[in-house]
Amino acid sequence: MKNILELKNIGKKYQAKNGEIEALKNINLKVQEGEFVSIIGPSGCGKSTLLSIIAGLEKQTAGEIYKNGEIGYMLQTDSLLPWRTIYKNVLFGLEVRKIKTSENEKYVQELLKKYNLYEFKEKYPSQLSGGMRQRVALIRTLATRPSILLLDEAFSALDYQTRIMVTNDIFQILKNEKITAIMVTHDISEAISMSDRVVVLTNRPGTVKKIHKIDFEMENRNPINCRESPKFSKYFDTIWKELDVHA
Amino acid sequence: MREKNISEERKKYLRQIKKNKILVVLTRLAIVIVFIAGWEILANIGVIDSFIASSPTRIWNTFINLSSSDLMMHVGVTCLETLIGFTLGTILGIAIAIVLWWSKFLSKVLEPFLVILNSLPKVALGPVIIIWVGAGMPAIITMALLISLIVTVMEILNGFLETDKEKIKMAQTFNANKFQTLTKIIIPANIPTFFNSLKVNIGLSLVGVITGEFLVSKAGLGYLIVYGGQVFQLDLVMTGVIILAIVAAIMYQAVVITERIIVKRS
Ligand SMILES: Nc1ncnc2c1ncn2[C@@H]1O[C@H](COP(=O)(O)OP(=O)(O)OP(=O)(O)O)[C@@H](O)[C@H]1O
Ligand SMILES: [Mg+2]
């Protein structure tokens, strides 16, 4: 498998009036096509900054990035536009990128049907539940057919039950569409349940502390059934200890 | 509506709400009636000197007499001036707010000037306006514009700057440029801001127009009121004020109704 994304010695310093904040230092990471990588680390260690750099919203102050595909970025909030219908919302990215072709619209309609949102397409965001809105936001991102998907705590606004459901849905979608994903999360279980690898960052300035390879050695693994594997709690313990503030 | 099987409690609740609403409207009506009746009675028995304070029947008679002559002309002139000042103020205000949103540098540079202009009583510029644009309708419209413009700019710019950062970031994740951010996020997100400033602007434009008419005009409600004062005809002054109140209410309602039509979803 080839690398779809490569980060080389990425560093980021924010300049402000009252000083300089070094958010990231010497980040090295290679991500393979189709891989699911989670990033986990203490609050304020630069996880969002890293995603923004990968997406090109921020410029790194050191190091280099090699990207081999279109990036889709799903933020922490669904940021659906309340004045647009669900359908107009999912077309937003296509409109902005000026690729609202009938072919792409058809693809969007397929996605809406596949993920049980088609009948809601003329509704407004306020009429949908949190989990549905999150799926709409995902389809909006997928509509532009990214090959790399960045997720920044995209599910933290959901309650536990919905969260498990939505992460499971999204996991299936990503596998079906063969999309590479990089997900920032605070939730260790969520990271283990979805990922091929979990990257643990240190306190600020964030550097890579350790990368854990996750393999449950099971067929048709999904975020729900893998939780029953005895390996799950082993991974959990190791990562938990590593995130420990005193360690 | 999906209210086929409403519970008893719900029905009771809805009835209660309706009852309250009717009560409020009735009380309002009662206040108006008591006020008018009281005024009339006190004027008739001589507690109030109707030469200074007028009275409802005198106002009504003045109104009837005026309407046969040129009342409609005066109302028309004031409405026209207000509408022109209001439209210009709104369009210019939005345009300037967009420019200031676009250029952080410019808005930073102009900030203190805006604050000073905003707190300056614009009436003080009356003589200057008359000399520059001449006495007459242009001076009145300029006055209305001056009074409403700065407030509009500040209010709309403020709305622009307070637009949800996450939505802007979301647009940027699709590489939206500044123009797209403006037209697809900032402006639609600020439709409520526009309407709020329209509502404030109607009032301010009227203030500007009446002030302008006090200063220079030969027609309009402001002229009517000033003229009434000069010839010591309080009936005319009161009639003018009451018609003005009605005009202001109608214009305000027009904005509210437009808002309701445009912003269908709540
Ligand atoms: N635009 C900015 N200007 C200055 N400092 C910033 C900026 N954005 C982030 N920072 C700082 O950089 C550091 C890393 O921020 P970042 O948001 O990437 O952390 P994070 O790991 O995502 O935190 P959290 O887990 O709370 O979401 C923080 O200390 C933050 O204050
Ligand atoms: Mg973050």
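The values are calculated or read from the model by the stated rules, or taken from the named source; none is laboratory data. Keep in mind the model is a prediction, meaning the values are calculated, not measured. Cβ placement follows ideal geometry from the backbone for every residue including glycine, while neighbour counts extend to all protein chains displayed. Keep in mind that these areas ignore ligands, DNA and RNA; they rest on the heavy atoms of the full protein, side chains included. Shrake-Rupley method; radii C 1.70, N 1.55, O 1.52, S 1.80 Å.
Determine which member of the set A:38, A:48 is within 14 Å of chain B (Cβ to nearest Cβ) and within 15 Å of the chain's Cα centre (by Cα).
Numbers: A:38 fails: within 14 Å of chain B (Cβ to nearest Cβ).
Result of the check over A:38, A:48: A:48.
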Within segment A:63-140, which helices (runs of 4 or more DSSP H) (wholly inside it) include 2 or more residues that are of a type outside the set (Lys, Arg) and without any contact (Cβ under 8 Å) to a residue 24 or more places away in the chain?
A:92-96, A:102-114
Taking residue A:239 as the residue in question, decide whether it is surrounded by 20 or more Cβ atoms within 10 Å (Cβ to Cβ) and either touching a Leu at 6+ places or on another chain (Cβ under 8 Å) or more than 26 Å from residue A:138 (Cβ to Cβ) (or both).
no
Taking the conditions exactly as written (assigned to a strand (DSSP E or B), touching a residue at least 24 places away in the same chain (Cβ under 8 Å), within 16 Å of ligand 2 (Cβ to nearest atom) and open to solvent by 10 Å² or more (accessible area, probe 1.4 Å)), does residue A:12 satisfy them or not?
yes
Out of the residues in segment A:61-74 that are crowded, with 22+ Cβ neighbours inside 10 Å and not hydroxyl-bearing (Ser, Thr, Tyr), which is nearest to ligand 1 (Cβ to nearest atom)?
A:74
Can you find a residue that is more than 14 Å from ligand 2 (Cβ to nearest atom), assigned by TED's automatic domain parsing to the domain that holds residue A:200 and at pLDDT 90 or above anywhere in segment A:45-56?
yes
Being within 16 Å of ligand 2 (Cβ to nearest atom) and modelled with pLDDT under 90, is that true of even one residue in segment A:138-148?
no
Could you please find all residues in segment A:199-230 being without any contact (Cβ under 8 Å) to a residue 12 or more places away in the chain, closer than 16 Å to residue A:171 by Cα and either open to solvent by less than 40 Å² (accessible area, probe 1.4 Å) or in a helix (DSSP H, G or I) (or both)?
A:225
Qualifying positions in segment A:154-203 - within 15 Å of ligand 1 (Cβ to nearest atom) and not hydrophobic (A, V, I, L, M, F, W, C)
A:156, A:185, A:186, A:187, A:190, A:202, A:203
Kindly check whether there is at least one residue in segment B:166-177 that is among the polar types (S, T, N, Q), more than 14 Å from every other protein chain (Cβ to nearest Cβ) and assigned to a helix (DSSP H, G or I).
no
Is it fair to say residue A:90 is farther than 20 Å from residue B:173 by Cα, open to solvent by less than 50 Å² (accessible area, probe 1.4 Å) and of a type in the set (Val, Ile, Thr)?
no
Residues located in segment A:179-196, provided they are among the charged types (D, E, K, R) and buried (at least 19 other Cβ atoms within 10 Å of the Cβ):
A:190
Test residue A:86 against the stated conditions and say whether it is out of contact with any helix residue (DSSP H, G or I) (no Cβ under 8 Å at 6 or more places or on another chain) and not polar (S, T, N, Q).
no
Taking the condition of being within 16 Å of ligand 2 (Cβ to nearest atom) and open to solvent by 70 Å² or more (accessible area, probe 1.4 Å), how many residues in segment A:15-38 meet it?
1
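Can you tell me which residue in segment A:59-89 is nearest to the chain's Cα centre (by Cα), limited to those that are within 12 Å of chain B (Cβ to nearest Cβ) and aliphatic (A, V, I, L, M)?
Checked segment A:59-89; the qualifying residue nearest to the chain's Cα centre (by Cα) is A:74.
Among the listed residues A:102, A:43, which satisfies the condition of being more than 14 Å from chain B (Cβ to nearest Cβ), open to solvent by 60 Å² or more (accessible area, probe 1.4 Å) and within 16 Å of ligand 1 (Cβ to nearest atom)?
Step by step, each of A:102, A:43 is checked, and only A:43 is more than 14 Å from chain B (Cβ to nearest Cβ), open to solvent by 60 Å² or more (accessible area, probe 1.4 Å) and within 16 Å of ligand 1 (Cβ to nearest atom).
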Total residues in segment B:89-124, condition outside any helix (DSSP H, G or I) and under 20 Å from residue B:188 (Cβ atoms):
0
Residue among B:181, B:163 that is open to solvent by less than 60 Å² (accessible area, probe 1.4 Å) and assigned to a loop (DSSP other than H, G, I, E, B)
B:163
Could you go through segment A:156-173 and let me know if any residue there is touching a residue at least 60 places away in the same chain (Cβ under 8 Å) and within 14 Å of chain B (Cβ to nearest Cβ).
yes
